[in-house]
Amino acid sequence: MEINEKIQKGKINAVYGLNFDSVNLEVDSEQNVKDYILKNFHCEENRLISSFRFVMLNDSICEQAINSLASSEIKKLELAINLIQNKEEIVLKYFDSYFMDKELDFFKKLFKKLSSKYHKTIILLNANVNFLLDLADNILIYNGNKIMSFNKNEFFSEEFSKYLPVPPIISFVKYVNQNKKKIGDYTDIKELIKAIYREV
């Protein structure tokens, strides 16, 4: 299938307009978290605990019922289950929807570590370009007719702008590069601020 050919293995991929199978918890389950995972995903308890800590989940969540968890805890739990299963491909849907900026920064670093150090292929199904821009190595867009793939160095291209709303950071960088002083193409706001200060 065309989509599989365009997914970059061992990289962070963002996908628009296509569905992938991902971990879906039975969020209405009254089972506690530990029993639910041990029953459905067959792992040792110490692996469960270490995976929880890896994604910033407190051990105490083990005794909570699935249906009592906050949305952010559900998202962390879905990621932890991927790690418990040691999946080569980790698929997450709208992962950024329930986190504060500090937590998102943590998970961005974690995703980069999973792809670079552990060679995991991360697939993020998401419509928030601002969240993905400085994270994804590859963005795939389905426009109803075909699947297009854009690498990081193509995010500033006119072709990319045809298919997605142009994020403010790209608009700003393009404006500065065209009308002021060339500062380079930045997708990370912190790196952009550093570049601007260097030029002032």
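The values are calculated or read from the model by the stated rules, or taken from the named source; none is laboratory data. On a predicted model such as this, the values are computed, not experimentally measured, just so you know. Positions of Cβ are generated from backbone atoms using ideal geometry, with glycine treated the same way; all protein chains shown enter the neighbour counts.
Of LEU114, LEU124, LEU135, LEU140, which residue is surrounded by 14 or more Cβ atoms within 10 Å (Cβ to Cβ), in a helix (DSSP H, G or I), under 16 Å from the mean Cα position of the chain (by Cα) and at pLDDT 85 or above?
Answer to the selection: LEU114.
Residue by residue through the stretch 32-80, note down the ones that are assigned to a helix (DSSP H, G or I) and of a type in the set (Val, Ile, Thr).
VAL33, ILE37, ILE49, ILE61, ILE66, ILE74
Run down ILE3, ILE12 and say which single residue is touching a helix residue (DSSP H, G or I) at 6+ places or on another chain (Cβ under 6 Å) and within 21 Å of LEU133 (Cα to Cα).
ILE12
Could you grab me the full set of residues in the stretch 146-200 that are surrounded by 14 or more Cβ atoms within 10 Å (Cβ to Cβ), of a type in the set (Lys, Arg) and not assigned by TED's automatic domain parsing to the domain that holds VAL15?
LYS174
If you check LEU57 against the conditions, is it surrounded by 15 or more Cβ atoms within 10 Å (Cβ to Cβ), closer than 18 Å to ASN67 by Cβ and not charged (D, E, K, R)?
Yes; evaluated as a whole, the condition is true for this residue.
Evaluate the following for GLU5: is it assigned to a helix (DSSP H, G or I), of a type in the set (D, E, K, R) and either surrounded by 12 or more Cβ atoms within 10 Å (Cβ to Cβ) or in contact with a Phe, Trp or Tyr (Cβ under 7 Å, 6 or more places away or on another chain) (or both)?
no
What number of residues within the stretch 160-172 satisfy the criterion of being touching a helix residue (DSSP H, G or I) at 6+ places or on another chain (Cβ under 7 Å), in a helix (DSSP H, G or I) and not aromatic (Phe, Trp, Tyr)?
1
Could you tell me which of the residues LEU83, LEU104, LEU92 is under 28 Å from SER149 (Cα atoms), part of a helix (DSSP H, G or I) and touching a Ser or Thr at 6+ places or on another chain (Cβ under 8 Å)?
One residue alone meets the criteria, LEU83.
Do you know which of the residues in the stretch 101-110 that are hydrophobic (A, V, I, L, M, F, W, C) and in contact with a helix residue (DSSP H, G or I) (Cβ under 9 Å, 6 or more places away or on another chain) is surrounded by the most Cβ atoms within 10 Å (Cβ to Cβ)?
Applying the filter and picking the extreme gives PHE107.
So which pairs qualify, if the first residue must be in the stretch 100-127 and farther than 18 Å from ASP188 by Cβ, the second must be in a loop (DSSP other than H, G, I, E, B), the Cβ gap must be under 6 Å, and the two must be at least 6 apart or on different chains?
Close Cβ pairs satisfying both conditions: LEU114/LYS120; HIS119/GLY10; THR121/LYS9; THR121/GLY10; ILE123/PHE20.
Those residues that are closer than 30 Å to TYR163 by Cα and surrounded by 14 or more Cβ atoms within 10 Å (Cβ to Cβ), I need them from the stretch 8-54; list them, please.
Result: GLN8, GLY10, LYS11, ILE12, ASN13, ALA14, VAL15, TYR16, PHE20, SER22, VAL23.
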